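Before any comments, here is the structure.
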Amino acid sequence: MTQSGTIARNTAVLFAGKLAALACSLLLVRLLTREMGVLGFGAYVVALVYAQLFGLAADLGVNVIVLKRLATPQRDDSQWVGMALGLRLVTVALFVLGAAAIAPVMGYDAPMRRAILAALLATAVQGVNSLFVVVLQARLQSHHSALAEVAGRLTTLGLSFAVLRAGGGVVAVLLAQAAGAGIQLGWTGLAAVRIVRWARLWQPGQWRGTLAQALPVGISTVLGFIYFKADTLLLSRLRFATPGSYRRAVLQLAWKLVRQSAKHCTHPRFVLALWQGYGAGLRGKSGRAR
């Protein structure tokens, strides 16, 4: 297949994959808001935002450097990918451990800390997966990452439905999300290793030079995330005078989540219609975090 044909195929599969993944995400949100109630869904959102903040920090902008470096195949690609993968494993481990240590200092109670630990597990898996996705993008094999994302979202949706029906709570749903991320990681990892095999992982001498190039990108990404998501963490630490005020705060967070999803959908009215459906479920249930 010619390069133009490959690009056209990747574009079509990516577009279809993103729409399918978005549909799965909307169905998941609808399921969670109906089954978990306001407090349960609020705990789920807070745990995810907390974990994602540290997950983005663990990237340190390395993905951009990897994409740029692998765009043109070279003889030392296996060494370079091995170096980047080793660096990613180290940074993910350090940031996840740091996030777990900081959670008690933030004043979260024991159930919330357990939810954060489960969210950190999912975020750690997604952090490693993102590197494989970049390798596939650089070699015009993005259809693998798109199909893997759909498989992961479907796994998360199915497992979440099962654990909620079995009486599980926030932690169980987040573990289901980690399982979905694991499916996605397995798919993209196998696809990436067939394209570029990685060599030695431990290359601290090369890590310093890579980080020097990547840090400005990483810092800007983290600051952008904080700008849009800091209110979620701040609201989670406030003490509301009435349950109604807490409900309104969580509804605002849920609406922001759907609104951000709508930006990536070609039919925002469809998204808003779904929101009206599960928004009614939110307003009618209080629920509690488990």
Of all accessible heavy-atom area on region 1-56, the percent that carbon and sulfur account for (1.4 Å): 70 percent
Highest-first arrangement of 206-215, 35-44, 20-29, 110-119, where packing means the average Cβ count within 10 Å: 35-44, 110-119, 20-29, 206-215
Relative packing of 90-102, 52-64, 4-16, which averages over residues the other C-beta atoms within 10 Å, highest first: 52-64, 90-102, 4-16
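The values are calculated or read from the model by the stated rules, or taken from the named source; none is laboratory data. If you're wondering where the values come from, they're calculated on a predicted model, not measured in any experiment. Heads up, the Cβs are rebuilt from the backbone with ideal geometry, glycines too, and the neighbour counts pull from every protein chain shown. Only protein heavy atoms, including side chains, enter the accessible area calculation; ligands, DNA and RNA are left aside. Shrake-Rupley method; radii C 1.70, N 1.55, O 1.52, S 1.80 Å.
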